[in-house]
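**Student:** Questions regarding the structure given below will be posed in turn.
The values are calculated or read from the model by the stated rules, or taken from the named source; none is laboratory data. Since this is a predicted model, take the numbers as computed values, not measurements. In this analysis, Cβ positions are derived from the backbone assuming ideal geometry, glycine residues included, and neighbour counts consider all displayed protein chains. With ligands, DNA and RNA removed, areas are computed over all heavy atoms of the protein, side chains included. Shrake-Rupley method; radii C 1.70, N 1.55, O 1.52, S 1.80 Å.
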Amino acid sequence: MPRTRRRELLVAGAAGALGARIPSAEARRRSRRSRLYDVVVVGAGLSGLIAARAVRRAGRSVLVLEARHRVGGRNLDHSIGRGKVAELGGEWAGPGQDRVLGLARELGVKTFPTHDQGDNVYYRDGQRKTYSGDIPPASPVALVEVEAAILEFNNMAQEVPAATPWTAPHAADWDIQTVAKWVADNLHDQESRDLAALAIRGVYGEEATQVSLLDLLSAITGVGGDFNTLIGSAQSIRFVGGPKQLSKKLAARLGRIVRTGTPVLAIEHGRDGVTLHSARRSFRARQAILTPPKPAIGAIRFTPQLPPAYDQYLQRQPMGSVLKVNAIYDRPFWRDQGLSGSAISTTGPVQIVYDNSPPDGRP
Ligand SMILES: Cc1cc2nc3c(=O)[nH]c(=O)nc-3n(C[C@H](O)[C@H](O)[C@H](O)COP(=O)(O)OP(=O)(O)OC[C@H]3O[C@@H](n4cnc5c(N)ncnc54)[C@H](O)[C@@H]3O)c2cc1C
């Protein structure tokens, strides 16, 4: 393709992309005539649907705008037949997660324990070892260091309120350092460092270099004060039929106020409230609640622009970068060998494995 032609196309492409984000004059005219809601919620994942329910329970009018043609967001279950699913996104709950477990009870979604009978596998540097319980058969030095680190995390977490971590006396010191920095300063054995990195990957789906120490400490407080709860029992409860049902049932109860296939592209904030623009329509509300992940909020065009500090905050909360793979076998053959199906590896691309079988153990 000649050089000038290619440049023209690039410019046209950029203008087209921009055009899609700018609501048409007709859409603006229509929005001035459209209904004024008390609240418009952006996103129909669990957060958005719960928020919409709370607004409606408070007797206010509410509308939910969801970009995708389905609800549930990062909870997505793939049907494998006969009412069974493979959870592609969110999967587990654990002790202390009372709200989601209470919601499941309220909506009639049953739970079942994650399969944990039998030995687990620990794989490191070509060596495969089996073990029972939560503690992998790492070297004694690594185990002592990891145990000391867990105790120290739990101690530090005692002064960090889960809901307002920034009020902790050492909040500033702990927020400017990453978990990776703390691990590098405090753990000296390579195996213990690898295990710490693995634990953070398991909890956050993200590298320890990207996670603030303060955030980890507030997460520990949030589950009752013990890091072990985050890494172990947080994976102990599953939802029969998959967690996406929670969103589907909530959306069904909310009814027509949940509008899918409507990505919010731009939000104008004025004296009279907010106007939210999708490609074809605009919606007015006194207030908006935004529940997309932070990078997706950052992709919305705001007028006036967001305060610089908040904009920076959105830019500094990237999505994690992990792959979840479900392998489906005719039967859980590992159980016959006395294995639980749980494995951790500090080597190679597959690092955390669970038995994700449906409740009856068959696909
Ligand atoms: C692979 C994976 C495994 C996980 N495992 C677990 C687990 O085992 N246990 C656990 O507790 N958590 C787990 N999580 C995390 C959990 O799924 C999420 O924390 C939770 O689903 C987030 O819900 P949410 O409503 O806050 O956000 P989301 O589910 O992300 O919902 C946000 C919604 O906003 C929509 N949206 C985005 N931009 C726009 C826009 N401009 N306009 C309109 N709509 C928009 C999105 O389409 C989405 O539906 C996992 C996540 C992943 C990805």
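**Student:** Among all residue pairs at least 6 apart or on different chains, which show Cβ distances below 7 Å where the first residue, located in segment 43-65, is assigned to a helix (DSSP H, G or I) and the second is near the ligand (Cβ under 6 Å from one of its atoms) and open to solvent by 20 Å² or more (accessible area, probe 1.4 Å)?
**Tutor:** Filtered contacts from segment 43-65: Leu46/Asn75; Ser47/Thr291; Gly48/Thr291; Ala51/Thr291.
Yes/no matrix, rows are residues, columns are (1) more than 15 Å from the ligand (Cβ to nearest atom); (2) over 19 Å from Ala288 (Cα atoms); (3) touching a Lys or Arg at 6+ places or on another chain (Cβ under 9 Å):
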residue	(1), (2), (3)
Val42	no, no, no
Leu46	no, no, yes
Arg74	no, yes, no
Ser79	yes, yes, no
Leu88	no, yes, yes
Trp92	no, yes, yes
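**Student:** Okay, next question. Scan segment 117-139 and tell me whether some residue there is farther than 30 Å from Asp185 by Cα, within 16 Å of the ligand (Cβ to nearest atom), at pLDDT 95 or above and part of a loop (DSSP other than H, G, I, E, B).
**Tutor:** no
**Student:** Only one of these is hydrophobic (A, V, I, L, M, F, W, C) and in a loop (DSSP other than H, G, I, E, B): Ala309, Ala327. Name it.
**Tutor:** Values: Ala309 fails: in a loop (DSSP other than H, G, I, E, B).
On inspection, the qualifying residue turns out to be Ala327.
For every residue, the table says whether it meets (1) in the same structural domain as Leu276 (by TED's automatic domain parsing); (2) open to solvent by 90 Å² or more (accessible area, probe 1.4 Å); (3) among the polar types (S, T, N, Q).
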residue: Ile300; (1), (2), (3): yes, no, no
residue: Leu306; (1), (2), (3): yes, no, no
residue: Asp336; (1), (2), (3): no, yes, no
residue: Ser342; (1), (2), (3): no, no, yes
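**Student:** Can you name the residue in segment 56-68 that is open to solvent by 20 Å² or more (accessible area, probe 1.4 Å) and of a type outside the set (Gly, Ala, Ser) and is also farthest from the ligand (Cβ to nearest atom) among such residues? Quick ask: steps written out before the conclusion?
**Tutor:** Of segment 56-68, the ones open to solvent by 20 Å² or more (accessible area, probe 1.4 Å) are 56-61, 67-68.
Next cut, of a type outside the set (Gly, Ala, Ser) only: 56-57, 60, 68.
Numbers: Arg56: 17, Arg57: 18, Arg60: 20, Arg68: 4 Å.
Here the answer is Arg60.
**Student:** Here's another thing I want to ask about it. Which count do you get for residues in segment 172-186 that are assigned to a helix (DSSP H, G or I) and either on the phi > 0 side of the Ramachandran plot or surrounded by fewer than 18 Cβ atoms within 10 Å (Cβ to Cβ) (or both)? Please lay out each step first, then the result.
**Tutor:** Residues of segment 172-186 that are assigned to a helix (DSSP H, G or I), as a first pass: 172-175, 179-186.
Right, trim to either on the phi > 0 side of the Ramachandran plot or surrounded by fewer than 18 Cβ atoms within 10 Å (Cβ to Cβ) (or both) and you get 172-173, 175, 181, 184-186.
Matching residues across segment 172-186 total 7.
**Student:** Identify all residues within segment 191-211 that are crowded, with 18+ Cβ neighbours inside 10 Å and among the hydroxyl-bearing types (Ser, Thr, Tyr); write none if there are none.
**Tutor:** Of everything in segment 191-211, those that are crowded, with 18+ Cβ neighbours inside 10 Å and among the hydroxyl-bearing types (Ser, Thr, Tyr) turn out to be Ser192, Tyr204.
**Student:** Another one. Scanning segment 308-334 for residues that are within 12 Å of the ligand (Cβ to nearest atom) and not charged (D, E, K, R), which turns out most open to solvent (accessible area, probe 1.4 Å)?
**Tutor:** Among those residues, the one meeting the criterion is Leu323.
**Student:** What is the residue count in segment 69-116 for residues that are in contact with a Ser or Thr (Cβ under 8 Å, 6 or more places away or on another chain), of a type outside the set (Ser, Thr, Tyr) and either open to solvent by 20 Å² or more (accessible area, probe 1.4 Å) or in a loop (DSSP other than H, G, I, E, B) (or both)? I'd like the intermediate steps shown before the answer.
**Tutor:** Of the residues in segment 69-116, the ones in contact with a Ser or Thr (Cβ under 8 Å, 6 or more places away or on another chain) are 69-73, 75, 85, 92-96, 101, 104, 113-116.
With the extra rule that they be of a type outside the set (Ser, Thr, Tyr), the set shrinks to 69-73, 75, 85, 92-96, 101, 104, 113, 115-116.
With the extra rule that they be either open to solvent by 20 Å² or more (accessible area, probe 1.4 Å) or in a loop (DSSP other than H, G, I, E, B) (or both), the set shrinks to 69-73, 75, 85, 92, 94-96, 101, 113, 115-116.
So the answer is 15.
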